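In what follows, a structure is listed as structure tokens, so that the remarks can point back to it.
The values are calculated or read from the model by the stated rules, or taken from the named source; none is laboratory data. These numbers were taken from a predicted model, which means no experiment stands behind them. All Cβ positions, glycine included, derive from the backbone under ideal geometry; neighbour counts span all protein chains shown. Note: areas computed on protein heavy atoms with side chains; ligands, DNA, RNA excluded. Shrake-Rupley method; radii C 1.70, N 1.55, O 1.52, S 1.80 Å.
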Amino acid sequence: MSTIFEKIISGQIPADILYQDDQCIVIRDIEAQAPTHFLVIPKKVISRIGNAEDQDRSTLGHLLLIAAKIANQENLDSGYRIVINNGNDGGETVPHLHIHVLGGRQMKWPPG
């Protein structure tokens, strides 16, 4: 069964796409937790960061670089938070690795 992210990547479900290349897609989160909240999603399905393998190293680096690039385009000059949820206790709700980028307000610590 396809995840919601696979359906977005394939065009079956519409999304507010901020960026796309051969390795990833960046979309606005429909349940934003900050004034700016977007997701960086690899097109290759990696179920979670805890299941990533050595062969995923370049993809993972690419995702972080794209997160920074889009944060800059979104004018998050005062800072932003990058979050990757892993497993139920980590808040993971979709079994497809994705990076949350949140900004536009002061982040609290500790999170969650």
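Taken across segment 47-69, residues that are among the aliphatic types (A, V, I, L, M), in a loop (DSSP other than H, G, I, E, B), under 17 Å from I8 (Cα atoms) and out of contact with any Phe, Trp or Tyr (no Cβ under 7 Å at 6 or more places or on another chain) do not occur at all.
Within segment 18-39, residues that are modelled with pLDDT of 95 or more have Cβ atoms under 7 Å from residues that are hydroxyl-bearing (S, T, Y) in these pairs: Q23/T59; V26/Y19, counting only partners at least 6 apart in sequence or on another chain. Are any of the residues in segment 82-104 out of contact with any helix residue (DSSP H, G or I) (no Cβ under 6 Å at 6 or more places or on another chain), open to solvent by less than 40 Å² (accessible area, probe 1.4 Å), among the small types (G, A, S) and in a strand (DSSP E or B)? Within segment 82-104, one or more residues are out of contact with any helix residue (DSSP H, G or I) (no Cβ under 6 Å at 6 or more places or on another chain), open to solvent by less than 40 Å² (accessible area, probe 1.4 Å), among the small types (G, A, S) and in a strand (DSSP E or B). Across segment 40-59, the qualifying residues are those that are of a type outside the set (S, T, N, Q) and without any contact (Cβ under 8 Å) to a residue 12 or more places away in the chain, and the one among them that is least open to solvent (accessible area, probe 1.4 Å) is E53. Tell me whether segment 25-39 contains one or more residues that are more than 18 Å from S58 (Cβ to Cβ), β-branched (V, I, T) and surrounded by fewer than 11 Cβ atoms within 10 Å (Cβ to Cβ). Yes, some residue in segment 25-39 is more than 18 Å from S58 (Cβ to Cβ), β-branched (V, I, T) and surrounded by fewer than 11 Cβ atoms within 10 Å (Cβ to Cβ).
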